[in-house]
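Engineer: I have a structure here, written as structure tokens, and I will follow up with some questions on it.
The values are calculated or read from the model by the stated rules, or taken from the named source; none is laboratory data. What you see is a predicted model, and the numbers here were worked out from it, not measured in a lab. Please note: Cβ atoms are built from the backbone with ideal geometry, for glycine as well, and neighbour counts cover all protein chains shown.
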Amino acid sequence: MVVETHSAEETFELGYKMGQKASSGDIVCLEGDLGAGKTVFAQGFAKGLGIRENINSPTFTIVQIYEGGRLPLYHFDVYRITDIEEIYEIGFEEYFFGNGVCLIEWASIVHQVIPQSAVIIKIHKSLSADFDYRKIEITGFMNMGEENENDIGD
Ligand code: ADP
Ligand code: MG
């Protein structure tokens, strides 16, 4: 599924809707260059989960935990990881396979440990389009209106 947004608010809103629909055990990966809007999406997602705290990119910690919402949110930013060992050191399994929801910025850096079932969200800026335009590709998310009509008869 592809969603186009034309402002930070629209990306926030997309995150918000997905946060409302998220269930226990979901892993949502966020890809995109610096300034693409990963954290804006994460902020909307957190609000959709009912988290009131303001969430920012976890700068000095790999994972930030928010427990005030409908489900715990584990917000990862793995940008600074240079060795896959570091993700084992923080005990990622407890978060990935726990009762909460994981949002992972720069997930491809730790692709070795990302489960097949993860949702991948890629946020693209376009140099030729408007400065606030983003093309957002979503793969693997249930309940987002992705119809599989083409599969019928296969
Ligand atoms: P990242 O976490 O990917 O590095 P941020 O979410 O921190 O990026 O920053 C995205 C920046 O781009 C914010 O300043 C936001 O206001 C701006 N922006 C402009 N248009 C959009 C859009 N359509 N979606 C998301 N952010 C946008
Ligand atoms: Mg960020």
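Engineer: Residue check: is E13 closer than 30 Å to D130 by Cα, assigned to a helix (DSSP H, G or I) and touching a helix residue (DSSP H, G or I) at 6+ places or on another chain (Cβ under 8 Å)?
Structural biologist: yes
Engineer: Among residues belonging to segment 125-138 that are surrounded by 13 or more Cβ atoms within 10 Å (Cβ to Cβ), modelled with pLDDT of 85 or more and not charged (D, E, K, R), point out the one that is nearest to the chain's Cα centre (by Cα). Break it down stepwise before answering.
Structural biologist: Our first condition is that a residue be surrounded by 13 or more Cβ atoms within 10 Å (Cβ to Cβ); within segment 125-138, this holds for 125, 129, 132-138.
If we keep only those that are modelled with pLDDT of 85 or more too, we end up with 125, 132-138.
Imposing the further condition that a residue be not charged (D, E, K, R) reduces the set to 133, 136, 138.
On the way: Y133: 19, I136: 11, I138: 10 Å.
Top of the filtered list is I138.
Engineer: Step by step: first the residues of segment 51-73, then only those that are assigned to a loop (DSSP other than H, G, I, E, B) and of a type in the set (S, T, N, Q), then the one that is farthest from F12 (Cα to Cα). Which residue is that?
Structural biologist: Per the stated criteria, the residue is T61.
Engineer: Let me ask something else. Check whether at least one residue in segment 68-75 is crowded, with 24+ Cβ neighbours inside 10 Å, within 12 Å of ligand 1 (Cβ to nearest atom) and free of Cβ contacts under 8 Å to residues at least 60 places away in the same chain, and report yes or no.
Structural biologist: Yes, segment 68-75 contains a residue that is crowded, with 24+ Cβ neighbours inside 10 Å, within 12 Å of ligand 1 (Cβ to nearest atom) and free of Cβ contacts under 8 Å to residues at least 60 places away in the same chain.
Engineer: With the checklist (1) in a helix (DSSP H, G or I); (2) farther than 13 Å from H75 by Cα; (3) of a type in the set (A, V, I, L, M, F, W, C); (4) within 14 Å of ligand 2 (Cβ to nearest atom) in hand, flag the one item F41 doesn't pass.
Structural biologist: Of everything listed in (1) in a helix (DSSP H, G or I); (2) farther than 13 Å from H75 by Cα; (3) of a type in the set (A, V, I, L, M, F, W, C); (4) within 14 Å of ligand 2 (Cβ to nearest atom), F41 misses just condition (2).
Engineer: Within the set of pairs 6 or more residues apart or between chains, which connect a residue that is more than 17 Å from A107 (Cα to Cα) inside segment 36-50 to a residue that is at pLDDT below 95 and part of a helix (DSSP H, G or I) with Cβ atoms less than 6 Å apart?
Structural biologist: Filtered contacts from segment 36-50: no entries.
Engineer: Quick test of your reading of the structure: V28 fulfils all but one of (1) without any contact (Cβ under 8 Å) to a residue 60 or more places away in the chain; (2) within 16 Å of ligand 2 (Cβ to nearest atom). Name the failing condition by number.
Structural biologist: (1)
Engineer: How many residues does segment 6-18 contain that are within 16 Å of ligand 2 (Cβ to nearest atom) and either of a type in the set (A, V, I, L, M) or in contact (Cβ under 8 Å) with a residue 60 or more places away in the chain (or both)?
Structural biologist: Of all residues in segment 6-18, those within 16 Å of ligand 2 (Cβ to nearest atom) come to 8, 11-12, 14-15.
After this cut, where a residue has to be either of a type in the set (A, V, I, L, M) or in contact (Cβ under 8 Å) with a residue 60 or more places away in the chain (or both) as well, the list is 8, 11, 14.
Residues flagged as within 16 Å of ligand 2 (Cβ to nearest atom) and either of a type in the set (A, V, I, L, M) or in contact (Cβ under 8 Å) with a residue 60 or more places away in the chain (or both) within segment 6-18 amount to 3.
Engineer: Quick check on this structure: which one of V101, V63 is surrounded by 13 or more Cβ atoms within 10 Å (Cβ to Cβ) and within 16 Å of ligand 2 (Cβ to nearest atom)?
Structural biologist: It is V63.
Engineer: On the basis of being assigned to a helix (DSSP H, G or I) and either surrounded by fewer than 15 Cβ atoms within 10 Å (Cβ to Cβ) or away from ligand 1 (no atom under 11 Å from the Cβ) (or both), does Q112 make the cut?
Structural biologist: yes
Engineer: Identify, please: which residue in segment 27-60 is more than 13 Å from ligand 1 (Cβ to nearest atom) and crowded, with 19+ Cβ neighbours inside 10 Å and is, among those, farthest from I123 (Cα to Cα)?
Structural biologist: The selected residue is I51.
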